[in-house]
Amino acid sequence: MSAMGCLGRLCHEELAACFDYLDVDHLMACQGICRTFQVLVSGPLLWYKFLREVLLVPHRDTAAIDNWGDLYKATIWYKNHVPPIELIGRACDASSTDHYSQTILETLRTSSGFWSSTGSDTTQANEHLTYQLCEPLCLVHKVSVKFYRANYQLGRPVYPAQQVRLSFGFDLSSSGALTTCVHTTPAYHAQFSDGWQHFVLPQYIPAHYVKVEFIGKRQRQPGDELYYTVVQQLHVMGTPLSSCQASPRLRPLIPACVESACQDPSFLTSLGHLSPEAPTPPRYPCATSQANPAGHYMFMPMTWSSEPVTRTLAQFPHGIERHRPKAVTRQFLETLGAHLASLDASPDPQFCRGVSDMFDSDDDSDDGY
């Protein structure tokens, strides 16, 4: 029996499962084989493949998407015309801090300051920095890190990590750890350089917290002969949900972004904090470190109060449930997304650096991925 004969005996669901293994170029080629293939491929399957290259769309049978073509157009417009902006709103946690003048806050400034870990007697020690983003739901595109060069030390050493790994989530535990992760990247190789290193994500990732892990240490400090990781600046770049709401072209993205976020159970839990009756959250863990200025407002969580969000969640106490009609679920996602996008949650002006002045004009950075 010929190959086409074997395929002809498969039902549409089985053929679609086979097509799942093909990339976009091969799916486009399949459209010209026969009418059945054209119908199957030109439906949600092909759109889903296109969108997965840009956005973290949860699954092909998603309830958030009513018109795949409109969403694809919005995604392409977003990718090509919307420049990423700085998303960091607060400093949450640092695994260690060597001196009170070298806190995580220094990574948010454009001055010559820096964050330094404590010293380790081995290169296998890991460190991390955690940040809260400027809105309850942001789309993260990349994280850029600039490791510090100590020009005042013998040999002008640079203090990079061996690798960098990124984790994204929506809620923190009392210890400062992400309760769950909507996405964790592989460990990217970090260059032995003090130039900007850009860790570009394969898709736009929904998140409210970003944890940057520095795996391993490389440079021993002259004098105490201990290994350190030192970061001069760090940026989390992407788009807050309010930017999508502000542009009619981008509004079709909002339900898909909210549904992607709902795949992380901590997302709806974190939205419970937006209730007007919610207690004030405690200070972030780095505020309790003896090395940090505990009273600094950048260690106080950004808070919002939204009765519309609370009311919407009360109508859907269990979030997305597959037995509901898709139209009902889509209405929930659109309503919740519109309320979240209307929150006034701009980052602080002194820490909101635009794309134009984000990097030094003499930047000779290496990509870190």
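The values are calculated or read from the model by the stated rules, or taken from the named source; none is laboratory data. All values reported here derive from a predicted model rather than from experimental measurement. No Cβ is skipped: glycine too gets one built from the backbone with ideal geometry, and neighbour counts run over all protein chains shown. Accessible surface is based on the protein model in full, side chains and every heavy atom, while ligands, DNA and RNA are left aside. Shrake-Rupley method; radii C 1.70, N 1.55, O 1.52, S 1.80 Å.
Rounded to a whole number, what % of the accessible area of the range 85-244 do carbon and sulfur atoms account for, probe 1.4 Å? Mind showing how you got there, number by number?
Numbers: 2330 of 5110 Å².
Ligands and nucleic acids excluded, carbon and sulfur reach 46 percent.
Report the FRET efficiency, 1/(1 + (r/R0)^6), for residue 152 and residue 80, where r is their Cβ-Cβ distance and R0 is 41 Å, rounded to 0.05.
Details: r = 44 Å, r/R0 = 1.07.
That gives a FRET efficiency of 0.40.
Solvent-accessible surface of the range 85-244, averaged per residue with a 1.4 angstrom probe and all protein chains in place: 32 square angstrom. Could you compute the net charge surrounding residue 130? Neighbours are other residues with a C-beta less than 13 Å from the C-beta of residue 130; K and R count +1, D and E count -1. Around residue 130, the surrounding residues sum to -1. Per-residue Karplus couplings for the range 229-240, computed as 6.51 cos²θ - 1.76 cosθ + 1.60 with θ equal to phi - 60°, are listed in order as 10, 10, 10, 7, 8, 8, 10, 10, 10, x, 9, x Hz, Gly and Pro entered as x. Taking a quarter of the surface of the Cα convex hull of the range 85-244 gives a mean projected area of 9.1 nm². Tell me which residues come under 5 Å, amide H to amide H, from residue 190 once H is placed; ignore anything under 5 positions away on its chain. Under 5 Å from the amide H of residue 190 lie the amide H atoms of 163, 164, each far enough along the sequence or on another chain. Counting 0.36 nm for each residue step from residue 311 to residue 246 and taking away their Cα separation leaves a gain of 21.1 nm. Pairs to check: 142/211; 79/142; 73/142; 73/326. Give those whose C-alpha atoms are more than 19 Å from each other in this structure. Long pairs (Cα-Cα over 19 Å): 73/142; 73/326.
Between beta-carbons, use under 9 Å as the cut-off and find the net charge around residue 178, counting Lys and Arg +1, Asp and Glu -1.
Numbers: positive: 211; negative: 171.
Here the charged neighbours net out to 0.
Placing pseudo-labels 7 Å out from each Cα toward the beta carbon at residue 328 and residue 187 gives an inter-label distance of 4.7 nm. Any chance you could tell me what percent of the C-alpha pair distances in the range 71-157 go past 21 Å? Here the tail beyond 21 Å accounts for 47 percent of pairs. Taking the average, over residues, of other Cβ atoms within 10 Å as the packing measure, peptides 138-147, 252-261, 328-337, 94-103 rank 252-261, 138-147, 328-337, 94-103 from highest down.
The heavy atoms of residue 251 present about 110 square angstrom of accessible area, all protein chains included, probe 1.4 Å.
Computed about its Cα centre, the charge dipole of the range 94-233 is approximately 360 debye, with only Lys, Arg, Asp and Glu carrying charge at their Cβ.
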